Amino acid sequence: MLSRSITLLLVLAPLALRAQPAPATPATPAAPAAPIEHGTEIVVAPGPANLDQIIKNPASLAEGRRLFQTHCTSCHGPNGEGARGASLLSPNLPRVAEAAVAPAEAPGGGGGRGRGRGANAAAATDGPPVSPYDRALQQIIQRGIPATEMQPPRLQPGELPLVAAFVKSLGQLPPEPVPGNASHGAELFKTKGACMTCHMIRGEGAVIGPDLSDVGRARGVAYMRRALTDPNADVPKAFQAYRNDISLPQNFLFVRAVTKNGETIGGVRVNEDTFSIQLRDLTGKVRSFFKSELSELHKEWGQSPMPNYSAVFAPGELDDVVAFLVSQRGGNK
Amino acid sequence: MKFFHLVGSAAHFVTSKGCWVAAGSLSFGLASLASGQSPMPPPQVQVPYQRILKSSDDPGNWLTYGGNYSNHRFSKLTQITPANVAQLTPKWIYQQADTSKWEVTPLVVDGVIYVSERPNIVTALDGRTGRPLWNYRRPFPTDVSICCGTPNRGLAILGDSIYLATFDDHLVCLDANTGKERWDEVVVDYKLGYSMTLAPLAVKDKIIVGVSGGEFGIRGFLAAHDAKTGKRAWQFFTVPGPGEPGNETWSGESWKTSGSPTWLTGAYDPDLNLVYWGVGNPSPDYNGDVRKGDNLYSCSEIALDADTGKLKWHFQFTPHDVHDWDSNQIPVLVDAQIGGQPRKLLVKANRNAFYYVLDRTNGEFITGAPFSKQTWASGLDKKGRPILLPDKEPTAEGVLVYPGLEGATNWLSPAYNPMTGLFYVQTKEDYGQYYYKIPGPHMVAGHFENGGGRNVMGEEPYGALKAIEATTGKIRWEFRQQIPGVASPNAGVLTTASGLVISGTREGHVFALDATTGKVLWNFNTGGAIWSGAVTFLIDGKQCIAIAAGSGLYVFGL
């Protein structure tokens with residue numbers, strides 16, 4: 001353990017902005033039972049590092065893998081193949097590639113306590129040059145992606161470049177094979193599945209369920225399959241600290257309201273405050289109620305109105321629809 | 001005397017003239033005239049200590065942060081009632097330039113409203129129109145240590161001076177008539193991680209201020225400055241040094257970086273001449289390994305002699321806190337019968353989810369009970385010390401404990417209504433967090449928390465305004481509020497002799513409840529998050545209610 005710490009320090013030494021004490025022998029906590037979110041903890045890390053340098057060092061890469069298993073596999077799968085989180089088996093991760101060309105944006109994660117004094121001021125002063133892609137990858141991991149389940153992890157000083165390097169190394173692996181015929185899946189999506197009665201893709205369809213234009217880059221293959229065969233298993237929920245907008249589709253909530261006249265309305269919560277609630281009913285219409293007009297309001301946490309498709313599709317058809325979903329990578333903007 | 005200041009500024013105040021006469025400062029005006037200053041105009045602003053002392057009987061004004069020295073936030077005004085509160089309409093809205101949270105409790109003196117704005121700004125507003133009368137600005141350094149934003153919660157007034165505690169640790173005295181600076185004293189060096197966000201407390205001839213910085217390993221203290229000259233009158237360190245009793249409750253050298261700040265305003269009992277102040281969390285917040293022991297006087301109430309700053313008694317709510325449950329919440333002084341005996345009480349709804357009733361003459365624990373969901377203690381023992389449940393200390397992986405780190409309640413002011421005997425407080429419910437700890441060194445002015453809390457995915461905590469029997473801790477009723485995402489309710493409470501409770505929500509509703517039943521009587525959507533406490537006062541003899549929401553100060557009237 002000690003020798004590994006020393007190797008790490010050697011690798012990172014030129015990058016350290018501030019003298020840090022030798023990291024304590026890293027504990028290996030089990031992945032938390034509940035997923036990480038509202039992670040306001042952003043430990044000050046040295047500035048972004050050149051990741052290829054780290055990848056070349058087997059000890060550092062092994063440490064990066066260990067960190068990945070601790071902090072990331074619960075969402076990205078044991079080998080980065082994706083699950084609730086995106087597949088990371090690409091040399092050109094879409095969010096990262098986007099951030100690499102965009103001007104630096106504000107840190108994510110919302111308000112709360114900024115425990116990371118100077119977190120976004122970090123910049124390498126010397127050492128090998130850092131490519132925009134490497135910088136963006138480290139920034140995304142450090143800050144998380146606002147309004148998604150991807151929250152800032154709790155990394156110790158110096159760990160960020162290691163885990164980022166491991167993620168980058170995953171890009172050299174072949175992407176997971178996706179059986180199925182995406183264009184046939186597209187057909188089924190429109191016809192037999194009647195998915196567009198609830199979902200939108202690139203401006204077409206309905207908005208009872210989440211927009212799926214981008215789902216291929218946010219979710220892994222297994223997750224997608226499970227969404228079809230066990231819709232209640234993973235209802236999307238992503239809290240952001242101090243978010244004033246609760247209409248984000250990631251924070252999906254199915255509600256059932258009964259008015260004082262006896263009408264029952266099932267729908268998706270669009271917004272809510274102390275005195276009123278706005279929901280989208282199953283016809284897609286927005287309904288607004290003062291709570292004083294309702295006799296009952298049920299919040300069906302963890303429940304989805306989406307039908308279970310295991311009996312609807314033949315196994316081959318299921319593959320086709322999943323292949324189609326995996327191919328939905330951007331284009332809703 | 002300072003009457004020369006007043007000549008130039010008299011013209012500003014024509015509109016408010018009627019108000020100050022009506023509100024009882026006439027006698028002071030005449031007194032100064034009689035003292036040979038004629039033909040000088042009488043002073044526009046005169047709030048001597050005697051007047052603050054009797055602020056409960058001066059409901060046309062709001063003279064100190066908590067409404068009176070007991071922090072009741074109770075008003076004897078009765079024009080606005082449960083029957084007519086639904087007719088309240090906005091009279092004017094003042095927009096400050098800053099758009100971040102506005103945590104101010106305004107002061108109102110004879111028709112003029114004084115507010116602090118971020119950063120380091122003081123504005124005097126004409127109460128009839130909302131037009132600014134003067135503005136004071138002070139540069140704000142960029143290298144301050146910020147744990148939780150840079151708010152300022154309000155001002156103190158004494159005589160004809162306004163006092164501002166700045167984020168960068170200056171205590172500033174302004175001429176209340178003009179906003180001109182009279183003196184500016186450094187309380188402590190902000191570069192050491194200290195800041196100030198509280199409204200100072202004016203007691204007799206002194207201005208008392210406390211400090212923030214429990215996330216930066218400061219050593220907390222409370223300080224009194226001479227109101228006239230700004231000179232330091234006394235200083236009390238909330239963490240005893242070597243040789244002082246209590247120092248042994250800190251292992252090793254941990255007392256040096258021990259936190260225990262004093263970042264909210266305290267209370268004062270003129271009969272006992274004691275100042276009461278809540279003390280914050282020990283540093284580092286979540287990892288107690290480096291500071292074994294009870295860590296006095298962190299998470300305690302302290303009672304100090306107002307003249308000397310000497311400690312009279314202390315009561316520790318949460319010994320060796322590791323969940324950031326500081327005890328800075330506003331102490332409320334209540335005189336009530338317990339077991340047929342009249343008692344002088346200090347009550348507090350603590351961030352740790354317990355409500356406490358103490359004897360404020362000696363700090364003895366009388367009773368206490370949880371007022372919100374908590375999973376860390378099975379109760380309080382005879383002396384009020386929590387009986388801890390096992391395995392609730394933060395770990396590397398995280399341990400689920402209720403309440404979460406923002407606490408069951410926090411800095412927002414409660415209110416006490418002597419007519420209902422109820423204590424009203426905004427709380428956060430269904431709110432647990434996974435507490436984790438990490439190791440980490442102390443660096444001057446660097447974050448020294450060594451852990452934190454993660455929310456429980458899928459849970460949606462809610463806000464609840466609770467009415468608690470002040471002497472027993474029993475909950476009478478609650479009013480639930482939606483809170484956006486996982487935010488906390490952050491509005492203070494106001495209560496009136498006409499039987500109203502007024503507060504606000506994080507989404508921006510101001511609302512009025514029946515003080516006895518908790519029934520909603522009125523609400524108004526300001527559209528801006530409410531982080532402040534409402535106050536009530538008279539303008540032209542008519543009762544008004546003011547509350548900051550978003551970046552606006554809203555003034556409502558019938």
| Among (1) buried (at least 23 other Cβ atoms within 10 Å of the Cβ); (2) at pLDDT below 90; (3) of a type outside the set (S, T, N, Q), which single condition is B:GLY446 missing? | (1)
| query | Does any residue of region B:472-481 turn out to be at the interface with chain A (Cβ under 8 Å from one of its Cβ atoms) and at pLDDT below 90? | reply | no
| query | What single numbered condition from (1) at the interface with chain A (Cβ under 10 Å from one of its Cβ atoms); (2) of a type in the set (D, E, K, R); (3) touching a Gly at 6+ places or on another chain (Cβ under 6 Å) fails to hold for B:LYS437? | reply | (1)
| said: Quick test of your reading of the structure: B:PRO461 fulfils all but one of (1) modelled with pLDDT of 90 or more; (2) within 20 Å of B:TYR402 (Cβ to Cβ); (3) more than 9 Å from every other protein chain (Cβ to nearest Cβ). Name the failing condition by number. | reply: (1)
| task | Look at B:THR89 and say whether it is touching a Gly at 6+ places or on another chain (Cβ under 9 Å), more than 14 Å from chain A (Cβ to nearest Cβ) and either basic (Lys, Arg) or surrounded by fewer than 19 Cβ atoms within 10 Å (Cβ to Cβ) (or both). | result | yes
| task | Check region B:225-236 and report whether any residue there is closer than 23 Å to B:TYR276 by Cβ, surrounded by 23 or more Cβ atoms within 10 Å (Cβ to Cβ) and polar (S, T, N, Q). | result | no
| said: On the basis of being among the aliphatic types (A, V, I, L, M) and over 24 Å from B:SER116 (Cβ atoms), does B:LEU538 make the cut? | reply: no
| request: Kindly indicate whether A:HIS76 is at pLDDT 75 or above and within 14 Å of another protein chain (Cβ to nearest Cβ). | output: no
| field | Considering residues of region B:496-510 that are touching a Leu at 6+ places or on another chain (Cβ under 8 Å) and surrounded by 19 or more Cβ atoms within 10 Å (Cβ to Cβ) only, the residue farthest from the other protein chains (Cβ to nearest Cβ) | value | B:SER498
| field | Among the residues listed as B:LEU389, B:LEU412, B:LEU380, B:LEU400, the single one being within 14 Å of another protein chain (Cβ to nearest Cβ) and either at pLDDT 95 or above or touching a strand residue (DSSP E or B) at 6+ places or on another chain (Cβ under 8 Å) (or both) | value | B:LEU400
| query | Going through region B:288-325 one residue at a time, which ones are among the aromatic types (Phe, Trp, Tyr) and in a loop (DSSP other than H, G, I, E, B)? | reply | B:TYR297, B:PHE317, B:TRP325
| Checklist (1) under 26 Å from A:LEU89 (Cα atoms); (2) at pLDDT below 90; (3) surrounded by fewer than 17 Cβ atoms within 10 Å (Cβ to Cβ) applied to A:THR125, failing item | (1)
| task | Residue by residue through region B:443-453, note down the ones that are at the interface with another protein chain (Cβ under 7 Å from one of its Cβ atoms) and in a loop (DSSP other than H, G, I, E, B). | result | B:GLY446, B:HIS447, B:GLU449
| request: Could you look through region B:337-357, keep only residues that are assigned to a strand (DSSP E or B), hydrophobic (A, V, I, L, M, F, W, C) and under 19 Å from the mean Cα position of the chain (by Cα), and pick out the one that is surrounded by the most Cβ atoms within 10 Å (Cβ to Cβ)? | output: B:ALA349
| task | May I ask you to list the residues in region B:525-558 that are part of a strand (DSSP E or B) and either small (Gly, Ala, Ser) or surrounded by fewer than 20 Cβ atoms within 10 Å (Cβ to Cβ) (or both)? | result | B:ASN525, B:LYS542, B:ALA546, B:ALA548, B:ALA549, B:GLY552, B:GLY557
| Residue in region B:287-312 that is surrounded by the most Cβ atoms within 10 Å (Cβ to Cβ), counting only those that are out of contact with any Lys or Arg (no Cβ under 9 Å at 6 or more places or on another chain) and within 15 Å of B:ASN362 (Cα to Cα) | B:SER300
| said: So A:ARG202 ticks every box in (1) surrounded by fewer than 16 Cβ atoms within 10 Å (Cβ to Cβ); (2) of a type in the set (D, E, K, R); (3) not assigned by TED's automatic domain parsing to the domain that holds A:VAL322 but one. Which box is left unticked? | reply: (3)
| Could we say that B:CYS173 is more than 18 Å from B:THR99 (Cα to Cα), under 20 Å from the mean Cα position of the chain (by Cα) and within 14 Å of chain A (Cβ to nearest Cβ) here? | no
| request: Scan A:PRO32, A:PRO26, A:PRO91 and give me the residue that is closer than 28 Å to A:ALA227 by Cα and either at pLDDT below 55 or within 14 Å of another protein chain (Cβ to nearest Cβ) (or both). | output: A:PRO32
| task | Filter the helices (runs of 4 or more DSSP H) completely within region A:127-237 down to those with at least 1 residues that are closer than 15 Å to A:ALA323 by Cβ, away from chain B (no Cβ under 14 Å) and not basic (Lys, Arg). | result | A:182-190, A:215-218, A:221-229
| remark: Selection from region B:251-265 of residues more than 13 Å from B:PHE221 (Cβ to Cβ), of a type outside the set (Ser, Thr, Tyr) and buried (at least 24 other Cβ atoms within 10 Å of the Cβ) yields B:LEU264
| remark: The number of residues in region B:156-188 that are in contact (Cβ under 8 Å) with a residue 60 or more places away in the chain and among the hydrophobic types (A, V, I, L, M, F, W, C) is 4
| Considering only strands (runs of 3 or more DSSP E) fully contained in region B:393-442, which possess at least 3 residues that are not hydroxyl-bearing (Ser, Thr, Tyr)? | B:399-401, B:422-429
| Among the residues listed as A:GLU81, A:GLU105, A:GLU98, the single one being within 21 Å of the chain's Cα centre (by Cα), at pLDDT below 50 and more than 14 Å from every other protein chain (Cβ to nearest Cβ) | A:GLU105
| said: Among the residues of region A:260-275, what is the count of those that are under 30 Å from the mean Cα position of the chain (by Cα) and either assigned to a strand (DSSP E or B) or surrounded by fewer than 17 Cβ atoms within 10 Å (Cβ to Cβ) (or both)? | reply: 7
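The values are calculated or read from the model by the stated rules, or taken from the named source; none is laboratory data. In this text, all values refer to a predicted model and were calculated from it rather than measured experimentally. With ideal geometry, Cβ positions are generated from the backbone for all residues, glycine too; neighbour counts draw on all protein chains shown.
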